[in-house]
Amino acid sequence: VLHRGTVVGGILFGVGWAMTGMCPGPIIVNLGEGKWVACGALVGALLGAYTMGRLYPSLRRPLDLPPID
(Lines give C-alpha, C1' and ligand atoms only; values in the text may rest on other atoms or scores of the structure.)
Protein backbone atom coordinates (compact mmCIF):
# COMPACT_ATOMS: atom_id res chain seq x y z
CA VAL A 1 0.00 0.00 0.00
CA LEU A 2 1.38 3.37 -0.97
CA HIS A 3 1.20 6.05 1.71
CA ARG A 4 3.43 8.83 2.98
CA GLY A 5 5.28 6.42 5.25
CA THR A 6 6.24 4.25 2.29
CA VAL A 7 7.64 7.24 0.44
CA VAL A 8 9.58 8.59 3.44
CA GLY A 9 10.84 5.10 4.35
CA GLY A 10 11.90 4.41 0.79
CA ILE A 11 13.87 7.63 0.63
CA LEU A 12 15.62 6.95 3.94
CA PHE A 13 16.39 3.36 2.94
CA GLY A 14 17.77 4.54 -0.41
CA VAL A 15 19.96 7.20 1.18
CA GLY A 16 21.35 4.68 3.67
CA TRP A 17 21.98 2.17 0.91
CA ALA A 18 23.75 4.80 -1.20
CA MET A 19 25.91 5.96 1.71
CA THR A 20 27.03 2.47 2.77
CA GLY A 21 26.88 0.64 -0.53
CA MET A 22 25.03 -2.28 1.05
CA CYS A 23 21.50 -3.26 2.00
CA PRO A 24 20.71 -5.11 5.25
CA GLY A 25 21.42 -8.68 4.04
CA PRO A 26 24.88 -8.02 2.62
CA ILE A 27 25.89 -6.21 5.81
CA ILE A 28 26.08 -9.61 7.51
CA VAL A 29 27.85 -11.15 4.51
CA ASN A 30 30.43 -8.35 4.51
CA LEU A 31 31.05 -8.87 8.22
CA GLY A 32 31.49 -12.60 7.60
CA GLU A 33 34.10 -11.79 4.96
CA GLY A 34 36.00 -9.69 7.48
CA LYS A 35 35.09 -6.31 6.02
CA TRP A 36 34.87 -4.43 9.28
CA VAL A 37 33.64 -1.25 7.61
CA ALA A 38 30.26 -3.01 7.59
CA CYS A 39 30.11 -2.52 11.38
CA GLY A 40 29.14 1.10 10.80
CA ALA A 41 26.38 0.06 8.42
CA LEU A 42 25.11 -2.52 10.91
CA VAL A 43 25.07 0.01 13.75
CA GLY A 44 23.23 2.48 11.53
CA ALA A 45 20.65 -0.11 10.49
CA LEU A 46 20.04 -1.19 14.08
CA LEU A 47 19.79 2.39 15.33
CA GLY A 48 17.41 3.25 12.51
CA ALA A 49 15.16 0.28 13.29
CA TYR A 50 15.21 1.09 17.01
CA THR A 51 14.42 4.76 16.38
CA MET A 52 11.55 3.89 14.07
CA GLY A 53 10.13 1.54 16.68
CA ARG A 54 10.29 4.22 19.35
CA LEU A 55 8.87 6.98 17.13
CA TYR A 56 6.20 4.91 15.37
CA PRO A 57 3.31 5.98 17.62
CA SER A 58 4.05 9.68 17.10
CA LEU A 59 4.70 9.26 13.35
CA ARG A 60 1.64 7.11 12.69
CA ARG A 61 -0.84 9.93 12.17
CA PRO A 62 1.35 12.45 10.24
CA LEU A 63 2.68 9.76 7.86
CA ASP A 64 -0.66 7.91 7.62
CA LEU A 65 0.97 4.65 8.76
CA PRO A 66 -1.05 1.49 9.36
CA PRO A 67 -1.62 0.27 12.91
CA ILE A 68 0.66 -2.41 14.33
CA ASP A 69 -1.33 -5.25 15.81
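Here is how the numbers come out for the structure above:
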| item | result |
| --- | --- |
| Separation of the residue 6 and residue 29 label points, Cα + 7 Å toward Cβ, nm | 2.7 |
| Inter-label distance, nm, simple model (7 Å from Cα along the C-beta direction), residue 47/residue 13 | 2.1 |
| The chain: projected area of the alpha-carbon convex hull, averaged over directions, in nm² | 5.2 |
| Under the Karplus curve 6.51 cos²θ - 1.76 cosθ + 1.60, θ = phi - 60°, whole-Hz ³J(HN,Hα) for the stretch 22-38, x wherever Gly or Pro sits | 8, 8, x, x, x, 4, 5, 4, 4, 5, x, 7, x, 8, 5, 4, 5 |
| Accessible area per residue in Å² at 1.4 Å probe, computed on the chain | 77 |
| Cβ-based net charge around residue 5, under 9 Å, with every Lys or Arg adding one and every Asp or Glu removing one | +1 |
| Dipole magnitude of the chain, debye to nearest 20 (Cβ charges: Lys/Arg +1, Asp/Glu -1, about Cα centre) | 180 |
| Heavy-atom accessible surface of the chain: percent carbon and sulfur, 1.4 Å | 71 |
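The values are calculated or read from the model by the stated rules, or taken from the named source; none is laboratory data. Fair warning: this is a prediction, and the values are worked out from it, not measured in the lab. Cβ atoms come from the backbone with ideal geometry, glycine included; neighbour counts cover every protein chain shown. All accessible areas refer to the heavy atoms of the entire protein, side chains included, with ligands and DNA or RNA removed. Shrake-Rupley method; radii C 1.70, N 1.55, O 1.52, S 1.80 Å.
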